[in-house]
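For reference, the structure discussed in these notes is given below.
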């Protein structure tokens, strides 16, 4: 089973669908950083290649192939000059990966031509230097590109494969020893590639889990304020008309004082459960802090009647301390656009909430209609009407 998993893993890790975009971004970022060093290294090594080419290989090999590598390296550095971060589009990240592997493949092919031509025309006493140099360069290239194992494998195949085959075919003992050494090194590099991508996937999974935790309220499991703001920003980016309901438990401090904070926490969890039943589709349910909660969605999705229904559900719910509780709700709506601040919408809902508090609690107030209270009797009817 281990062998099957290894060979299946050579083609790439099994990446869950919800992590693929994040994995692509991380892979592109790693690949870009390593590829920049690789292509700079290619450029710096060109004088050595020109000087070290076999005199019998001719000017095309001695000068033409290094200059072609120079052109490819400069092209690659230009294409990958933009940094990769969370704001980068996934299509741009894929373009970086494609640019790197395509140019690396061409560079590897040019390097193989330089190596084989120099080896074939060199005196017998120095011939082994060329495949050794080529193999070292191939291993370095494969290491720099191991973030995408298929790319690293292709580069190893294009560079070390032809060199090893030529050496094995000469019949010379030392040529065969070097060829076997090259193949062993390539196999070791493959193992490193498999493990490297496994580590990348583990890193993506850990980052995803930490991101989820950073957006969740640990007590209730609802979204927290940060996640609610991100939800607001998504609506704003689409220019959507949104509705916000801010829910505050009435006299919650009294519950904590009389029954203790453990019971108070259980009450918060019970309220969160009621809000979660309304968090369908794009409706975001969140705990803003303390005893304050919120529902946010587009006006077509979040029906204003939900506020009255929620009041009735809270009043009728069995609470951990055995006593009924009530809540007050402030409602606001506005059409928001990209870059718009959340505080204006929240301020309207918050002011409506405190009007509800000042007028006796256990009621809904709408920022657009501050003179007409909607309170407990309506809420109870709404609750009965919904069963």
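Worth pointing out:
- Residue 329 meets each of the listed conditions (1) at pLDDT below 95; (2) within 18 Å of residue 252 (Cβ to Cβ); (3) in contact with a helix residue (DSSP H, G or I) (Cβ under 6 Å, 6 or more places away or on another chain) apart from (1).
- For segment 168-182, a residue qualifies if it is surrounded by fewer than 16 Cβ atoms within 10 Å (Cβ to Cβ) and assigned to a helix (DSSP H, G or I), and the qualifying residues are 173, 174, 176, 177, 180, 181.
- Within segment 237-254, the set of residues being more than 36 Å from the chain's Cα centre (by Cα) and closer than 22 Å to residue 224 by Cβ comprises 249, 252, 253.
- Considering 206, 237, the condition of being at pLDDT below 95 and not assigned by TED's automatic domain parsing to the domain that holds residue 340 is satisfied by 206 alone.
Residue-wise test of (1) touching a residue at least 60 places away in the same chain (Cβ under 8 Å); (2) within 27 Å of residue 58 (Cα to Cα); (3) part of a loop (DSSP other than H, G, I, E, B).
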site: 93; (1), (2), (3): yes, no, no
site: 108; (1), (2), (3): no, yes, no
site: 113; (1), (2), (3): no, yes, no
site: 136; (1), (2), (3): no, yes, no
site: 150; (1), (2), (3): yes, no, no
site: 159; (1), (2), (3): no, yes, no
site: 163; (1), (2), (3): no, yes, no
site: 186; (1), (2), (3): no, no, no
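- Residue identified as free of Cβ contacts under 8 Å to residues at least 40 places away in the same chain, surrounded by 13 or more Cβ atoms within 10 Å (Cβ to Cβ) and in contact with a helix residue (DSSP H, G or I) (Cβ under 6 Å, 6 or more places away or on another chain) among 121, 73: 73
Conditions tested, residue by residue: (1) crowded, with 17+ Cβ neighbours inside 10 Å; (2) in the same structural domain as residue 233 (by TED's automatic domain parsing); (3) within 23 Å of residue 354 (Cα to Cα); (4) modelled with pLDDT of 95 or more.
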position: 268; (1), (2), (3), (4): yes, yes, yes, yes
position: 271; (1), (2), (3), (4): yes, yes, yes, yes
position: 277; (1), (2), (3), (4): no, yes, no, no
position: 282; (1), (2), (3), (4): no, yes, no, no
position: 295; (1), (2), (3), (4): yes, yes, yes, yes
position: 302; (1), (2), (3), (4): yes, yes, yes, no
position: 321; (1), (2), (3), (4): no, yes, no, no
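- All of 3, 56, 41 fail the test of being at pLDDT below 85 and closer than 25 Å to residue 188 by Cβ, apart from 3.
- Residue match in segment 230-239 (condition: surrounded by 15 or more Cβ atoms within 10 Å (Cβ to Cβ) and over 19 Å from residue 333 (Cβ atoms)): no
The values are calculated or read from the model by the stated rules, or taken from the named source; none is laboratory data. Keep in mind that what you see is a predicted model, and the values were worked out from it rather than measured. As a convention, Cβ positions derive from the backbone with ideal geometry for all residues, glycine included, and neighbour counts pool all protein chains shown.
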